[in-house]
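A short worksheet on the structure shown next.
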Amino acid sequence: MDTKKAGFNSKLIHAGGFKDTKGSAVTPIYQTSTFSFESADHGAACFAGESDGYIYTRLGNPNIEELEKTVAELENGFGGIATSSGMAAVNVCYLGLLSAGDHMVSHNAVYGPSRSIMESLYPRFKVESTYVDATNIDNVLNAIRPNTKVLYIETPANPTIGITDLKAMAKIAKEHNLKLVVDNTFCSPYLQKPLDLGADIVLHSMTKFINGHADIVAGMVVTKTEEDYKLLKPIMMNIGCNMDPHQAWLTRRGLKTLAIRIERAQESAIKVADYLESHPKVEWVLYPGLKSHPQYELGKEQMSGPGAMISFEVKGGLKSGKIVMNSVKMALLAVSLGGIETLIQHPASMTHSKLSDEKQLEGGITKGLIRLSIGIEDVEDIITDLDQALAQI
Ligand code: LCS
C-alpha cells in the first residue's frame, strides 16, 4: 500500500514499504551481518549505488530501512537515518553539521549529555557553543555569531518542559543561514512535526515514545532534504553507530501503537497534572496542558497535544522530593521516559548530573525538580500512588 496519502494511524501500521515474498504479516527479522550478491557485477553495482541490493548491515538492512522509511514518512521528511541510540543521533548531527571554527546555539535545558558532550568533547575539535534560554527569542538572536552554523533546539525541553517557538527559530535560522536541528523526543511526530514548522533536521531518542516499551535503546535522524540526508548518512555508516536488525524490528513493532499509547498516557497526564497542581504539598507544576505553563498558548499552537511529561517540585525541595521518590510503589524510580510504565526521576542528581550546579540552575533545573513520565496504567492507580507518596512528607 502506498501510505503517502494515508492518515497518521494507517502510516503507523503500514508505512515502510516492505513486502515479504512469503506473505508474512510482519516483516521477518533479517538477523544477518552481510548479504550475498547475485554476481560479481551485482556486488559492484550495489557498491556503486546502481542497484538497490543490500550489502552489509552497518550500511543497510531491510528491518532498519523499513523503520527509517516509516519515521521519515511520519515526520514528513526526505529520509531517515537510524542509529544505535538517541545520543548517536545527536552526535551524527553535531559531526555532520559542525567543523573546526564553527559555533552552535542551543537551549540551556536540553538532555544533559547532549549538552555535556558538546561542552566537553567538541572544544577539542575547535567547535564552540552557547546555551541560552531559547524560550525567549531575543536570547537566541543575541547568541548568534558570524561563525554560528547550527541552532539546536529541544522542545519541550528535558526536564523543564520549556517550549521554544519553532516557527520563530526557523525564521532566525533562515535569516542567518543556520541549520535548525530539533530534538523531537518528548513529542514524537504524533504531537509535533518540526520539519513542517521549518526545521531542517529532526532527531529522536526512539528509546522513548517511538518504541515505547522500555526494552531497547535507539535513535533516528530525519532530514528534510536529500542533500542533508547524503551528508549525514555516511557519518552514521562510517562511525558505525547503526542499529541492529532485532532492535529495528522491536522499534518498528512498538511504533505501531504510538498514537494510542500517547493518547492514553496524555489523557492520564492531564489528570495527574491537575491533581498535582491542586495538592497543598506541591510548590509548582510544569505541564504544557496547564494554563499556568509559561508557554501554554505556544504549546497549543505548535503541538497537537500536551504530551505525557510533567515536572514538579514539592514544598521542602529535594528533601521532601526524595521522600516522594522513595515512597512510590507502582511508578518506577528510573530514568528514561515515554514508555508504558510511569517513571519518576530526579534530573539534578540523575539525567542532568554531569552539568554543574550553576548550569543546572541557569537552565531552570532546580535541586527539587522531579520529572514524571506518565505511562498507560489506570490513572486512578497513578494518582493513588502519588497520593500515598506525598502523604509521607
Ligand atoms: N534526547 C532526549 C530529549 C533525551 O531525553 C535523550 C535520553 C536523548 C536524546 C538520548 O537518547 P538515548 O541515547 O538515551 O536513546 N533521555 C533520557 C532521560 O531523560 N532519561 O534517561 C535517558
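The values are calculated or read from the model by the stated rules, or taken from the named source; none is laboratory data. The structure presented is a predicted model; accordingly, all values stated were derived computationally and were not measured. Methodologically, a virtual Cβ is constructed for each residue, glycine included, from the backbone with ideal geometry; neighbour enumeration extends over all protein chains shown. For the accessible areas, the whole protein counts, side chains as well, though only heavy atoms, and no ligand, DNA or RNA atoms are used. Shrake-Rupley method; radii C 1.70, N 1.55, O 1.52, S 1.80 Å.
Which condition does Thr83 not pass, out of (1) more than 15 Å from the ligand (Cβ to nearest atom); (2) polar (S, T, N, Q); (3) in contact with a Cys (Cβ under 6 Å, 6 or more places away or on another chain), if it passes all the others?
(1)
Please specify each residue of the stretch 195-208 satisfying the condition of being open to solvent by less than 10 Å² (accessible area, probe 1.4 Å) and within 13 Å of the ligand (Cβ to nearest atom).
Val202, Leu203, His204, Met206
Looking only at the stretch 24-49, how many residues end up being among the aliphatic types (A, V, I, L, M), out of contact with any helix residue (DSSP H, G or I) (no Cβ under 8 Å at 6 or more places or on another chain) and part of a loop (DSSP other than H, G, I, E, B)?
2
Taking the stretch 231-254 as the region of interest, how many residues are under 25 Å from Phe186 (Cβ atoms) and in contact with a helix residue (DSSP H, G or I) (Cβ under 6 Å, 6 or more places away or on another chain)?
So the count comes out to 9.
Among the listed residues Lys329, Lys354, identify the single one that is more than 26 Å from Thr135 (Cα to Cα) and among the basic types (Lys, Arg). Write out each step before concluding.
Details: Lys354 fails: more than 26 Å from Thr135 (Cα to Cα).
Criteria check complete, one pass: Lys329.
Here's a check for you: in the stretch 96-118, which residue that is more than 15 Å from the ligand (Cβ to nearest atom) and surrounded by fewer than 17 Cβ atoms within 10 Å (Cβ to Cβ) is farthest from Leu231 (Cα to Cα)?
Gly101
So that you can scan it fast, the table gives a plain yes or no per residue for (1) open to solvent by less than 10 Å² (accessible area, probe 1.4 Å); (2) hydrophobic (A, V, I, L, M, F, W, C):
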{"position": "Ala134", "(1), (2)": "yes, yes"}
{"position": "Ile137", "(1), (2)": "no, yes"}
{"position": "Arg145", "(1), (2)": "no, no"}
{"position": "Ile153", "(1), (2)": "yes, yes"}
{"position": "Thr160", "(1), (2)": "no, no"}
{"position": "Leu166", "(1), (2)": "yes, yes"}
{"position": "Ala170", "(1), (2)": "no, yes"}
{"position": "Asn177", "(1), (2)": "no, no"}
{"position": "Val181", "(1), (2)": "yes, yes"}
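Tell me which residues, restricted to the stretch 217-234, are part of a helix (DSSP H, G or I) and open to solvent by 40 Å² or more (accessible area, probe 1.4 Å).
Across the stretch 217-234, the qualifying residues are Glu226, Glu227, Tyr229, Lys230, Leu231, Pro234.
Which ones in the stretch 221-253 are in contact (Cβ under 8 Å) with a residue 12 or more places away in the chain and either outside the structural domain of Pro62 (by TED's automatic domain parsing) or among the basic types (Lys, Arg) (or both)?
Residues of the stretch 221-253 that are in contact (Cβ under 8 Å) with a residue 12 or more places away in the chain, as a first pass: 221-226, 228-229, 231-233, 235-237, 239-253.
Matches in the stretch 221-253: Lys224, Lys233, Arg252, Arg253.
Let's see how each residue does on (1) open to solvent by less than 50 Å² (accessible area, probe 1.4 Å); (2) of a type outside the set (A, V, I, L, M):
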{"site": "Pro28", "(1), (2)": "yes, yes"}
{"site": "Phe35", "(1), (2)": "yes, yes"}
{"site": "Ala40", "(1), (2)": "no, no"}
{"site": "Glu65", "(1), (2)": "no, yes"}
{"site": "Glu73", "(1), (2)": "yes, yes"}
{"site": "Asn76", "(1), (2)": "no, yes"}
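Got a number for residues in the stretch 253-276 being open to solvent by 10 Å² or more (accessible area, probe 1.4 Å) and part of a helix (DSSP H, G or I)?
So the answer is 11.
Kindly evaluate Gly368 against the criterion of being of a type outside the set (Phe, Trp, Tyr) and within 16 Å of the ligand (Cβ to nearest atom).
So Gly368 fails the test.
Any chance the stretch 84-91 includes a residue that's crowded, with 18+ Cβ neighbours inside 10 Å, over 18 Å from the mean Cα position of the chain (by Cα) and part of a loop (DSSP other than H, G, I, E, B)?
No; the residues of the stretch 84-91 include none that is crowded, with 18+ Cβ neighbours inside 10 Å, over 18 Å from the mean Cα position of the chain (by Cα) and part of a loop (DSSP other than H, G, I, E, B).
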